[in-house]
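This report refers to the structure that appears directly beneath it.
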């Protein structure tokens, strides 16, 4: 087991009506002014935004608003948010939305608190924020896990780059998670969320590391639970138990718990960020589903035992010790079938990716052939290109 | 799933040599003076205490010391520690030891920060601390989970009462967990630790709650992992993987993760606190092992399905649907056999408990017949007495 640091300072208020606490929770930070940051019309139409504002007004907290965050949140809106915060003296950012809104809020809080640095440099890992603003989230989508994570992923539409960075400063001070707020998430987005959550866990599970059987067992618990929850949410969008388990899985999968003792890089996420960076209409979860099985088939022979553990503990398969590859391929097939069963793509072509872009994707993912992705089988440019090609159709 | 608040602010530094960071970690709090709090000779003889002091001196941090914490930490030493902190202007408490030392440190930090309140009143839940001192822990025993928990259990030897209280202020700012520091823990204490960790999880698992399948699966992961780790630690005390998984399980089992969405009371712990409160030589884990199976046999019929889930998912038993009780009793037998296999008692008599004290224990546990313990089968004085009697031999 590798040494690790475990840090999950975000205080989670989970359950029905918890968003009504937002005024009091924000008031604890004695903010001068709050930025309410949100996405499109759903937060408005559902009445959630109005309820949030009422809660703040009740506590005499003044605020400004910035909506318009899109899936794959964009640098240009982040810059607008930073300017707004500085001009208005905002010292608390409240995200009302899913992972895109929360990531955008994190980047705004970091940018506004470090006006001498360029916020895109954080994403390029040229420098790190040294301060941030206080921030909280009201979660409306179970997927990215940004509500408890230390990561922040932003897209620069000018360059087509989608880049993530980790920082302790990216942790929300609090997250409010009311599963009922996700009742209106449609089947496709729900499925994308289930994939994202599963993949946060599965990708960590296949990162290098030994003797982490507690972490492994927790990861297996999360993977199986989110697959059940995802399916149940799609079958019945107002199934509270399913929405609740899925929402909590979203936070657990990406807060650090499922990586303790392992060396971490979310490899398939790296592949996917190139895809949705270049094709912003591709939903992140769909991109992951389209890529994962090809990645899995390409890498599994580098650690047969690890993949057999997955086959046995996640898919309950009997191991064929004479032909362990068969068992593993069966498990990968099952994961692929699961993704298909919830309406997710299992190749890139159906997502509209063009064959002639695969090399460009591989160059982006390998940072122009300058980095190798970690794993039991490390992946350089050639490997990455092969996997994109395998995933194409 | 019930609403819940999840709060785990303790930053954990886990792995080999992590204790060498203690100077820097304490220095971040800019303390005027530190109290180093510890137990008996082992921290001294192992050289750990010297290393800790060197790390503090290197950062020019001045400190005072207070050793002498015993298993079932005592109020009188807490009072001594509070006086020392106030007299010396201590504003940071560093616990070097296991759960007893950490609990004692928590109570000292709360007492010293609230000099107008009587510290024992916190345990009696007559009042709550409103402030605390900053505090950290270097863990040397995998058991109580106090390093990440919000709980604090203190024994008043004058009255024979052992009482716990929960508070956000009881959370350590940081915990350093180096599994190698537990290599010298003997087989009996290791077994006691494994029981305590398992029981923190199992007791939460059988608290009332529905639709918490993610929490359940995580709990099952912890239970199975700690049982394996405990056995492996006893077989080979310097098995790093086993010590590491056990140490991490200790923190996970009691930091709140395994209770999310469920109504919580650690019922068997309530039974046990009476026993080791009256018989201070009884190790907490041993007391839990002696009590659990009788409690289990007494209560399981109140929720057959829950116990079948435990039988299936923890013990991998095939369910006998015609005679589900048989499957459940088989599972309880297996848990009992596990405890016996690691050298734990499965009744109170072998622990030296006297038969004539059972009524007194039941009166204590029911607070003189004034409280009912929660659970699928709530337990009043009569029930509690019956369970003590069943557990007697």
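The values are calculated or read from the model by the stated rules, or taken from the named source; none is laboratory data. Nothing here was measured: the structure is a model prediction, and the numbers come from that model. Neighbour counts run over all protein chains shown; Cβ positions are idealised from the backbone, glycine included.
Quick notes on this one:
- Each residue in region A:31-58 was checked for being farther than 21 Å from residue A:183 by Cα, out of contact with any strand residue (DSSP E or B) (no Cβ under 9 Å at 6 or more places or on another chain) and surrounded by fewer than 16 Cβ atoms within 10 Å (Cβ to Cβ), and 2 of them qualify.
- Here residue B:236 does not fit the description of being more than 21 Å from residue B:171 (Cα to Cα), free of Cβ contacts under 8 Å to residues at least 60 places away in the same chain and buried (at least 23 other Cβ atoms within 10 Å of the Cβ).
- Summed over region A:172-199, residues that are under 27 Å from residue A:280 (Cα atoms) and surrounded by fewer than 22 Cβ atoms within 10 Å (Cβ to Cβ) total 6.
- Residues of region B:373-391 classified as in a helix (DSSP H, G or I) and within 23 Å of the chain's Cα centre (by Cα), total: 4
- Qualifying residues in region B:239-264 (those that are out of contact with any helix residue (DSSP H, G or I) (no Cβ under 8 Å at 6 or more places or on another chain) and surrounded by fewer than 24 Cβ atoms within 10 Å (Cβ to Cβ)) - the one farthest from residue A:5 (Cα to Cα): B:263
- Residues located in region B:112-143, provided they are in a loop (DSSP other than H, G, I, E, B), in contact (Cβ under 8 Å) with a residue 40 or more places away in the chain and under 27 Å from residue B:27 (Cα atoms): B:129, B:133, B:140, B:141, B:142
- When each of B:314, B:226, B:267, B:222 is tested for being surrounded by 18 or more Cβ atoms within 10 Å (Cβ to Cβ), assigned by TED's automatic domain parsing to the domain that holds residue B:206 and closer than 25 Å to residue B:371 by Cβ, the lone residue that passes is B:267.
- Of all residues making up region A:346-372, the number that are part of a helix (DSSP H, G or I) and surrounded by 13 or more Cβ atoms within 10 Å (Cβ to Cβ): 11
- For residue B:202, the test of being facing chain A (nearest Cβ under 10 Å), crowded, with 24+ Cβ neighbours inside 10 Å and either more than 24 Å from residue B:41 (Cα to Cα) or modelled with pLDDT of 95 or more (or both) is failed.
- Residue within region B:227-243 that is over 14 Å from the mean Cα position of the chain (by Cα), facing another protein chain (nearest Cβ under 10 Å) and closer than 27 Å to residue B:294 by Cβ present: yes
- Test: residue in region A:296-307 that is within 14 Å of the chain's Cα centre (by Cα), assigned by TED's automatic domain parsing to the domain that holds residue A:220 and either surrounded by fewer than 24 Cβ atoms within 10 Å (Cβ to Cβ) or within 15 Å of residue A:338 (Cβ to Cβ) (or both): no
- Put simply, of A:197, A:223 the only residue that is within 11 Å of residue A:142 (Cα to Cα), within 14 Å of chain B (Cβ to nearest Cβ) and in contact with a helix residue (DSSP H, G or I) (Cβ under 9 Å, 6 or more places away or on another chain) is A:197.
- Note on region B:336-349: residues that are closer than 15 Å to residue B:390 by Cβ and in contact (Cβ under 8 Å) with a residue 60 or more places away in the chain amount to 1.
- Here residue B:343 meets each of (1) in a helix (DSSP H, G or I); (2) under 24 Å from residue B:197 (Cβ atoms) with one exception, condition (1).
- Test: residue in region A:68-75 that is farther than 24 Å from residue A:142 by Cβ and surrounded by fewer than 16 Cβ atoms within 10 Å (Cβ to Cβ): no
- Test: residue in region A:276-284 that is at the interface with another protein chain (Cβ under 10 Å from one of its Cβ atoms) and either more than 26 Å from residue A:100 (Cβ to Cβ) or surrounded by 24 or more Cβ atoms within 10 Å (Cβ to Cβ) (or both): no
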